[in-house]
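The structure under discussion appears below in the form of structure tokens.
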Amino acid sequence: MSTRIYLLPLWIRIWHWTNALLIVTLAVTGVSLHFADPGLPLVEFSLAARIHDIAGVSLVVAYALFTIANIVSGNWWQYVPKPPGILERCWRQTKWYCLGIFKGEPHPYRVTEEANFNALQALSYWGIMYVVMPVMLATGLLFLFPQFAPDRFFGFDGLLPVAVLHYLTGAAIMMFMIAHIYLGTTGHTATSMFKTMITGWHED
Amino acid sequence: MFISWCKSAAVPILVLTGSVWAFSVLAAEAASIDTATIEKNRKANEACFACHSAAAINKPPRADLDLGKLKESRLQPEDFTPSDHGVMDCRQCHGRGYDDFPHSVTGKDETSPCTECHAAKVLRLEPQFNGSVHAKAKGLKEKFTCSTCHNAHINIVALKLKEPHKIVAQDNHGCLECHNSDETFAKFSPDGEKTPGVKKKRPDIDTIHEWLPNTRLHWQAVRCVECHTPEVAAGKMLSHEILNKEKAEKKCVTCHSANSSLKTRLYRHMVKDEQQKYGFTNSVILSNSYVIGATRHPLLDSTVIGLVILTLLGVLAHGAIRIICAIRRKENSQ
């Protein structure tokens with residue numbers, strides 16, 4: 001039996017794809033800047049710097065709008081891993097990813113309008129969206145306006161901790177993105193989750 | 001001995017007769033100038049600072065001083081003493097015309113040119129200087145001397161100045177005095193090619209370099225000469241050939257890469273202290289500036305690249321197993 005529920009309002013979908021586009025752009029230009037070398041031109045340095053600045057500021061705006069819309073619509077609640085039994089649900093979900101999925105077992109938890117995410121999703125999205133992302137955006141802004149960065153840092157330029165945090169959180173988001181895109185293929189069919197993300201309708 | 005040589009009126013004649021080497025040796029010898037002589041020079045200079053200082057301008061020692069003219073000078077005892085020439089007696093460069101006040105009218109013409117004591121360096125610099133944009137522009141060469149950029153009373157050579165931001169401030173001040181002031185620029189500016197009789201207008205320095213993001217940040221972290229002079233061998237003195245806009249460096253990765261040219265330029269006196277502090281490449285640069293692409297941590301980079309590759313391999317392997325299992329299930333069910 002196939003059920004259809006309208007899961008994702010338009011604003012979430014627009015935000016999601018804007019976010020996706022900006023993060024891919026930032027990842028490619030960010031790599032070009034950090035690993036800049038005359039022998040390894042991915043995107044030319046000054047072009048990369050320009051694109052990275054514009055995309056970065058856009059991402060900050062998108063994040064700010066997302067946060068406001070989240071509060072207004074109550075969507076933020078989806079990201080909160082809810083007791084009781086979080087650990088137990090995480091464990092079942094992990095087991096499914098490690099074993100059940102290969103045996104063709106059904107998803108351990110069904111998607112409902114009240115709970116879009118499974119416990120693992122909620123936890124990792126919560127960590128990325130409310131911990132890693134703000135650190136990355138804040139350090140990015142400091143990088144753009146270095147006059148607000150600390151002056152010195154243990155005998156080094158004060159921009160060092162800002163740069164390293166920006167680099168590490170950026171790398172974490174890239175790794176999340178790889179896993180996230182892949183896990184998008186683990187729906188009812190390999191493409192059903194991508195369809196949901198476009199149409200808003202969930203099917204299983 | 002050195003002092004008496006320099007004071008001597010015979011000096012210019014000797015230079016002309018070719019005693020170039022003797023004088024470069026003298027200048028070099030001055031590094032070991034004895035403390036008694038330094039004391040004597042400082043004492044002698046106090047007579048000049050009695051009028052040539054901010055204190056004297058605030059409280060003039062006599063009534064007939066042209067305070068306006070005194071104020072134009074940036075000369076201060078606290079700046080002069082630590083400068084390259086701070087160990088010297090003013091009169092070694094200015095001659096005897098200034099012993100009394102009012103000063104002798106011919107005093108200005110007697111100022112010793114740099115060659116007099118730095119013959120060897122001038123010999124090396126002159127061809128570079130003659131190839132620079134300022135020497136090539138018509139009517140500019142005559143007005144452009146060594147002291148146009150080098151303030152003999154204040155400047156401290158990079159090796160002694162050590163701190164990069166101080167070197168940047170000093171050297172950029174030399175260029176920006178003209179290139180950031182319409183008034184000063186107009187005094188030197190040649191006539192425009194298509195507009196004889198009308199001086200060339202000063203192009204705004206930030207507008208010219210608009211292609212360089214964080215322009216103001218760059219002015220504080222690098223010098224004009226980093227981009228406007230040709231590359232020289234590592235450890236060699238910076239060239240004095242100022243390059244025009246066609247030849248100036250525009251490639252970001254010249255500085256923003258692991259093999260940054262900053263090592264042979266602004267940081268050339270520091271690279272010998274490079275110790276890869278906490279595992280960072282170019283950690284001497286990092287002590288002053290974080291320069292994207294240049295100040296990296298190879299170990300951290302390898303770790304991050306490794307983790308990203310592991311994530312990729314992980315999802316690829318997971319996907320492959322899923323496909324294999326799905327095919328098996330299909331076969332079994334048939």
Worksheet, complete the sentence: Residues whose modelled amide H sits under 5 Å from the amide H of residue B:290, counting only those 5 or more places away in sequence or on another chain, are A:159
Worksheet entry | chain B: angle of helix B:298-333 to the longest principal axis, Cα-based, in degrees nearest 10 | 20 degrees
Discussion item. Which positions within the range A:149-182 get 40 Å² or more of their accessible surface covered by the other protein chains, compared to the chain by itself, with a 1.4 angstrom probe?
Written reply: A:156, A:157, A:160, A:167, A:175, A:178, A:182
Item to complete: Would you work out the relative contact order for the range A:1-108, in percent, from Cα pairs under 8 angstrom that are 6 or more residues apart?
Response: 20 percent
Worksheet item: Using the scaling law 2.2 N^0.38 Å as the reference, what is the normalised Cα Rg of the protein assembly as shown?
Response: 1.41
Discussion item. A 18 angstrom limit on the alpha carbon distance is what I want to check against. Which of B:201/B:245; B:71/B:187; B:43/B:166; B:69/B:166; B:141/B:200 exceed it?
Written reply: B:71/B:187; B:43/B:166; B:69/B:166
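How much accessible area per residue does the range B:196-334 have, counting only protein heavy atoms and a probe of 1.4 Å, in square angstrom?
Accessible area per residue, the range B:196-334: 59 Å².
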Practice prompt. Please give the peptides B:219-228, B:139-148 ranked by average Cβ packing (other Cβ atoms within 10 Å per residue), highest first, as a rough proxy for protection.
Written response: B:219-228, B:139-148
Fill in: Loop-resident sites, the range A:95-184, for trypsin sites (Lys or Arg not before Pro), counting at most 12 other Cβ within 10 Å (DSSP)
A:110
Fill in: 5 Å binning of all Cα-Cα separations within the range B:159-296, expressed as whole percents from 0 upward
2, 9, 16, 21, 20, 13, 8, 5, 3, 2, 1, 0, 0
Discussion item. If you average the C-alpha positions of the range B:262-301 and of the range A:87-110 separately, how far apart do those two centres end up, in angstrom?
Written reply: 48 Å
Discussion item. What is the angle, in °, between the Cα long axis of helix B:20-29 and the longest principal axis of the Cα atoms in chain B? Nearest 10 is fine, range 0 to 90.
Written reply: 70 degrees
Worksheet item: In degrees between 0 and 90, to the nearest 10, how far off the longest principal axis of chain B does helix B:115-130 point, with axes built from Cα atoms?
Response: 50 degrees
Worksheet entry | Probe 1.4 Å, protein heavy atoms only - accessible area per residue of the range A:56-203 in square angstrom | 54 Å²
Response to the item:
Ignoring ligands, DNA and RNA, the residues of the range A:20-53 whose accessible area with a 1.4 Å probe is reduced by 20 Å² or more relative to the chain alone are A:33, A:34, A:35, A:36, A:37, A:38, A:45, A:46, A:50
Worksheet entry | Within the accessible area of chain A (1.4 Å probe), percent carbon and sulfur | 75 percent
Worksheet item: Heavy-atom accessible surface, probe 1.4 Å, ligands and DNA/RNA ignored: which residues of the range A:91-109 lose at least 30 Å² versus the isolated chain?
Response: A:101, A:102
Worksheet entry | For B:256-268, mean number of other protein chain Cβ atoms within 10 Å | 2
Worksheet item: Got the relative contact order for chain B handy, in percent, Cα pairs under 8 Å and 6 or more residues apart?
Response: 12 percent
Item to complete: Mark the label point 7 Å from the Cα of residue A:145 along Cα→Cβ and return the residues of the range A:36-77 whose backbone N is within less than 17 Å of it.
Response: A:53-65
Item to complete: May I ask you to derive the relative contact order of chain A, considering only C-alpha pairs under 8 Å and at least 6 residues apart, and to give it as an integer percent?
Response: 28 percent
Worksheet item: What average number of partner chain Cβ atoms lie no more than 10 Å from the Cβ of the residues making up A:135-145?
Response: 1
Item to complete: Determine the shielding of peptide B:304-317 by partner chains: average, over its residues, the number of Cβ atoms on other chains within 10 angstrom of each Cβ.
Response: 3
Fill in: chain B - mean residue ellipticity at 222 nm from DSSP helices (-39,500 (n - 2.57) per run, n ≥ 4, rounded to 500)
-13500 deg cm²/dmol
Worksheet entry | Isotropic mean projected area of the C-alpha convex hull, chain A (nm²) | 14.5 nm²
Fill in: Net +/- balance of residues flanking residue A:6 in space, Cβ distance below 15 Å, scoring K and R +1, D and E -1
-1
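Eigenvalues of the Cα gyration tensor times 5, then square-rooted: what semi-axes does that give for chain B, in whole angstrom, largest first?
Details: eigenvalues 615, 120, 79 Å².
Largest first, chain B gives 55, 25, 20 Å.
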Response to the item:
Note: B vs A interface, total accessible area buried (1.4 Å probe; ligands, DNA, RNA excluded), nearest 100 Å², is 3200 Å²
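The values are calculated or read from the model by the stated rules, or taken from the named source; none is laboratory data. On a predicted model such as this, the values are computed, not experimentally measured, just so you know. A quick note on method: Cβ atoms are made from the backbone with ideal geometry, for glycine too, and the neighbour counts reach across all protein chains shown. All accessible areas refer to the heavy atoms of the entire protein, side chains included, with ligands and DNA or RNA removed. Shrake-Rupley method; radii C 1.70, N 1.55, O 1.52, S 1.80 Å.
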